[in-house]
Amino acid sequence: METRFNLFDSPTAAKVARRFSSTSLALQESTLPKGLQDLVMLRASQVNGCGFCIDIHAKEATALGESALRINLVAGWRHSTVFTEAERAALALAEEGTRIADGAGGVSDATWAEVRKHYDDDQVGALVCLVALINAANRMGVIVNSLGGAFEPGASAALG
């Protein structure tokens, strides 16, 4: 299996990728914990089957000190005891916001209420943008068959 196309070989796609990276800096500067951001992006990437993004966010979470147990249990977060109620709300938002095209009805009122209970307005805004951005990144990665396995933590900072 090989990557179909390197987006950085396209001047337009490379510009978009750099701007995408710059946009994500605003999320990193938010009060939403960076570790939680990686867990949310990991879960959306798992749902979308983007090996490249799974690789990135598992390794970035590890670099931030996240345990292997919690990283491994993100895929089964509903059936584990290692996530706080706030984290569970964010993971539910990530899943429901990712599965919109599955006809699942979008984000449920119950999930939205849990998110609002645990996060302030700025953090809610950051979560919504984070889920939207990772889904766009996942789609680009899956379309061109970007492969996971070679990411080095911190490498994405070079894009901005």
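The values are calculated or read from the model by the stated rules, or taken from the named source; none is laboratory data. Since we're looking at a predicted model, the values are computed, not measured. Note that we place each Cβ from the backbone using ideal geometry, even for glycine, and neighbour counts take in every protein chain shown.
When segment 48-61 is filtered for residues that are surrounded by 15 or more Cβ atoms within 10 Å (Cβ to Cβ) and not aliphatic (A, V, I, L, M), the ones remaining, listed by number, are N48, C50, G51, F52, C53, D55, H57, K59, E60. Restricted to segment 1-78, the set of helices (runs of 4 or more DSSP H) holding at least 2 residues that are within 18 Å of S146 (Cβ to Cβ) and within 16 Å of the chain's Cα centre (by Cα) comprises 11-28, 34-48, 51-63.
Annotation for segment 132-150: no member residue is more than 24 Å from G51 (Cα to Cα), modelled with pLDDT of 95 or more and either within 15 Å of the chain's Cα centre (by Cα) or among the polar types (S, T, N, Q) (or both). Is one or more of the residues making up segment 95-110 aliphatic (A, V, I, L, M), in contact with a Ser or Thr (Cβ under 8 Å, 6 or more places away or on another chain) and closer than 21 Å to I54 by Cα? Looking for residues that are aliphatic (A, V, I, L, M), in contact with a Ser or Thr (Cβ under 8 Å, 6 or more places away or on another chain) and closer than 21 Å to I54 by Cα, one finds none in segment 95-110, hence no. Within segment 117-131, can one find any residue that is touching a helix residue (DSSP H, G or I) at 6+ places or on another chain (Cβ under 9 Å), within 16 Å of M41 (Cβ to Cβ) and among the β-branched types (V, I, T)? Yes, segment 117-131 contains at least one residue that is touching a helix residue (DSSP H, G or I) at 6+ places or on another chain (Cβ under 9 Å), within 16 Å of M41 (Cβ to Cβ) and among the β-branched types (V, I, T). Residues in segment 81-113 that are part of a loop (DSSP other than H, G, I, E, B) and either within 27 Å of L69 (Cα to Cα) or in contact with a helix residue (DSSP H, G or I) (Cβ under 7 Å, 6 or more places away or on another chain) (or both): T81, V82, F83, T84, A104, G106, V107, S108.
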